[in-house]
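The values are calculated or read from the model by the stated rules, or taken from the named source; none is laboratory data. As the structure is a computational prediction, the values presented were derived from the model and not from experiment. Ideal geometry is used to build each Cβ from the backbone, glycine not excepted, and the neighbour counts take in all protein chains shown.
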Amino acid sequence: MKLKIRDVEFCYKNGPAVLEDIQMAVGANQMLTILGPNGVGKTTLLKCINGLLKTRKGTILVDGEELRKMNRVEVAKRIGYVPQRADVSQITVFDSVLLGRKPHITWDVSKNDIKITKDVISNLGLSELSLKYINEISGGELQKVQLARALVQEPKVLLLDEPTSSLDLCNQHHMMSTLVDVVKNSDLTAIMTMHDINLALRYSDKFIMLKGGTVFAAGGHEVITPENIEAVYDLPVNVVNFMDRPIIVPL
Amino acid sequence: MDTSKTVDTKNGDTPDYSQYIGKKVMFLTVCAVVLVISVLVALSIGSANLSISEVVDQILNQNGIAWSIRFPRVLVAVVAGAMLAVAGTIMQCILKNPLSEPYTLGLSQAAAFGAAFAIVILDAGNMFSNTKDAVVISNQYAVTLCAFFFSLISTGVVLILTRLTRVSPEAIVLSGVVMGSIFAAARTAIQYFANEIQLASIVYWTFGDLSRITLDNLVLITVVSVPVLIYFIYNRWNYNAIDAGIDTARSLGVNVSRHTIVGMVLSSLVAALIVSLMGVIGFVGLLAPHMVRRVIGSDHRFVIPAAVLVGALILLISDTLARTIISPLVLPVGVITSFLGGPLFLLILIRGYRK
């Protein structure tokens, strides 16, 4: 398994546990979606994985190496993170993506850093925007820039917090298919949080459903049942099949 | 874009990107050239006008008015302007607030309070006139030390409050504004009890003025500034990462809290040193970074050196104007920088509001 999480527990400043008994295992070339209602701890879990939040206990292993024992830079070489919102400044798309090489930079960027950046920008179809300032591009393009920045980190695991939340229908699918391409064609694992269960069903291989700060259900598409969704979201739903795809319909 | 056209196989770079970087380097070069020309012009004009060749001759031979009187003052303007601009640049980045600079964060008010405290309570305020136009505070040493001490206290309190609030940029800015108000109120209280001469000394001190600086002071400022500037340049990628958002920066391996605290301490230290030696010089830390960002963007690889050059240029031009505009009277340079900076401050506010 590329990423293994065992017995992870997190709380804010000796308060009650926000997350407890979190178990997760994801292989290479797989996409896992964390599902659950607002405030259940999805983003908190992502931040625990990449060390932005310090877990109280548990182990987080990437390729068998314990992340909690590594310094920030070592973690950054293994985990890429695409936050839900990023601050935009007057910096070009190219420089913004190049920033992803930060964990690898000692004094200044090397020719190799520039080459990797150029390749990723080209692969994600951002070449035409590369000299535009990021405060002048659209939300969908900015989301791709953030993905590109995380990819030039050359991580083993990619964490994405609501990668499609600010995108229109077309850009949502474009973003997700780009992500699938990247994950399937490189030795990468993606873990994301998402509210749109239908979008997750279409693009994700595995799911974990959080309820009350712990894992309620985990597995493949089979865990997305009306019973589980109702238990987690407190909303009755039906699952219908449309063109051989399960679609969640709230009742 | 057709990538086959853009890939330069020799270095993996894109010609477009090289051109783009080239433009920024060109901007820095132009600023450097303009600064050198401005230095020569500043050395040549004054109560006795010299030609540029006379200036060069006097500087090379280390004699004459250009060398002995104007050169130290011009150097002070260059070093102080550069470092006030860099302090503003770093504060704006780490505090994520475009209006942050030593002046707006209360540091100058604290220094002014320190000066007032020394003048009234420590009785360092006996003024006398040493030439027709200049006024000197009798115990400059005590005034400077007090100004420095209180600006550090202000910064220290802001940082302690910040630690308590887990280093939130908003908390730093607000604490700075509050400390500035407290010190301004305290200075008003001291002024209320001051006699006429002390009051005149306090008012005189708050006019930023480069003529107060001795060569020793200049050496001190430079010795402190150079390592600080090297530290800031070394961390340019960290500042770019912080610009991209705190979570993004941390996920790129940047210790944001450490850079915020160290950046604040170092930029405050340099600004406190300059302000306590020269008096209040506002807006250079605001004006220079914003001018630079409007031209070359926010990439700190270029913004820091450009702010150094433009800050030096602003203070040098302001000082040259201050001593020539109504010659033989010399205006306090703080008046000129505030006249330039005030409208820009308003412009930034209006632009921010429009967004």
Checklist entry - Here is a list of conditions, (1) in contact with a strand residue (DSSP E or B) (Cβ under 8 Å, 6 or more places away or on another chain); (2) charged (D, E, K, R); (3) under 18 Å from A:A76 (Cβ atoms), and A:R56 meets all of them except one; can you say which number that is? => result (3)
Next on the checklist: What pairs come out if I take residues in region B:18-44 that are without any contact (Cβ under 8 Å) to a residue 24 or more places away in the chain and within 14 Å of chain A (Cβ to nearest Cβ) and pair them with residues that are of a type in the set (D, E, K, R) and not in a helix (DSSP H, G or I) whose C-beta lies under 8 Å away, six or more apart or interchain?
Outcome noted: B:S18/B:D8
Item to check | In region A:197-217, the residues that are of a type outside the set (A, V, I, L, M, F, W, C), under 14 Å from A:V232 (Cβ atoms) and out of contact with any strand residue (DSSP E or B) (no Cβ under 6 Å at 6 or more places or on another chain) | outcome: A:K211, A:G212
Checklist outcome for this item: Residues of region A:54-110 being part of a strand (DSSP E or B) and not hydrophobic (A, V, I, L, M, F, W, C), in sequence order, are A:K57, A:G58, A:T59, A:E65, A:E66, A:G80, A:Y81, A:T92
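What helices (runs of 4 or more DSSP H), lying completely within region B:217-281, carry at least 2 residues that are surrounded by 19 or more Cβ atoms within 10 Å (Cβ to Cβ) and of a type in the set (V, I, T)? Steps first, answer last, please.
On the way: elements: B:236-243, B:246-251, B:256-278.
Counting at least 2 such residues, we get B:246-251, B:256-278.
Kindly provide the set of residues from region A:210-220 that are surrounded by 15 or more Cβ atoms within 10 Å (Cβ to Cβ) and either at negative phi or at pLDDT 90 or above (or both), ordered by number. If you could, list the steps in order and put the result at the bottom.
Taking region A:210-220 first, the residues surrounded by 15 or more Cβ atoms within 10 Å (Cβ to Cβ) are A:210-211, A:213-218.
The answer is A:L210, A:K211, A:T214, A:V215, A:F216, A:A217, A:A218.
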Checklist entry - Pick from region A:42-85 the residues that are of a type in the set (V, I, T) and more than 8 Å from chain B (Cβ to nearest Cβ): which of them is nearest to A:Q146 (Cα to Cα)? => result A:V82
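Collect the residues in region A:178-200 that are among the polar types (S, T, N, Q) and at pLDDT 90 or above, keeping them in residue-number order. It would help to see each step written out before you state the result.
Step one: list which residues in region A:178-200 are among the polar types (S, T, N, Q), which gives A:178, A:185-186, A:189, A:193, A:198.
Residues satisfying the conditions are A:T189, A:T193, A:N198.
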Next on the checklist: Checking B:V303 against (1) crowded, with 24+ Cβ neighbours inside 10 Å; (2) over 14 Å from the mean Cα position of the chain (by Cα); (3) modelled with pLDDT under 95, only one condition comes out false. Which one?
Outcome noted: (3)
Checklist entry - Take the residues of region B:178-187 that are surrounded by fewer than 17 Cβ atoms within 10 Å (Cβ to Cβ) and not small (G, A, S): which is modelled with the lowest pLDDT? => result B:V178
Checklist entry - Quick check: is even one residue across region B:325-342 surrounded by 24 or more Cβ atoms within 10 Å (Cβ to Cβ) and either more than 18 Å from B:A85 (Cβ to Cβ) or charged (D, E, K, R) (or both)? => result no
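Taking region B:95-109, which residues are buried (at least 24 other Cβ atoms within 10 Å of the Cβ) and either at negative phi or within 13 Å of the chain's Cα centre (by Cα) (or both)? Talk me through it step by step, then tell me what you get.
Let us first name the residues in region B:95-109 that are buried (at least 24 other Cβ atoms within 10 Å of the Cβ), namely B:95, B:100-103, B:105-109.
Listed by number, the residues that qualify are B:L95, B:S100, B:E101, B:P102, B:Y103, B:L105, B:L107, B:S108, B:Q109.
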Next on the checklist: Condition first: in a loop (DSSP other than H, G, I, E, B) and away from chain B (no Cβ under 12 Å). Now tell me which residues in region A:120-161 satisfy that.
Outcome noted: A:L124, A:I137, A:S138, A:E154, A:K156
Checklist entry - Assuming B:I202 fulfils every condition listed in (1) under 30 Å from A:N50 (Cα atoms); (2) in contact with a Lys or Arg (Cβ under 9 Å, 6 or more places away or on another chain); (3) among the aliphatic types (A, V, I, L, M); (4) assigned to a helix (DSSP H, G or I) apart from one, which condition is it? => result (1)
Item to check | Residues that are small (G, A, S), within 22 Å of A:N29 (Cα to Cα) and not in a strand (DSSP E or B), drawn from region A:192-217 | outcome: A:A200, A:S204
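Return the residues of region B:58-85 that are under 18 Å from the mean Cα position of the chain (by Cα) and at positive phi; say none if nothing qualifies. Give the derivation first.
First, pick out the residues of region B:58-85 that are under 18 Å from the mean Cα position of the chain (by Cα): B:72-85.
Once the filter is applied, which keeps residues that are under 18 Å from the mean Cα position of the chain (by Cα) and at positive phi, region B:58-85 yields nothing.
Which ones in region A:86-96 are facing another protein chain (nearest Cβ under 9 Å) and modelled with pLDDT of 90 or more?
A:I91, A:T92, A:F94, A:D95, A:S96
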Next on the checklist: Go through region A:97-119 and report how many residues are under 14 Å from A:S130 (Cβ atoms), surrounded by fewer than 19 Cβ atoms within 10 Å (Cβ to Cβ) and at the interface with chain B (Cβ under 7 Å from one of its Cβ atoms).
Outcome noted: 1
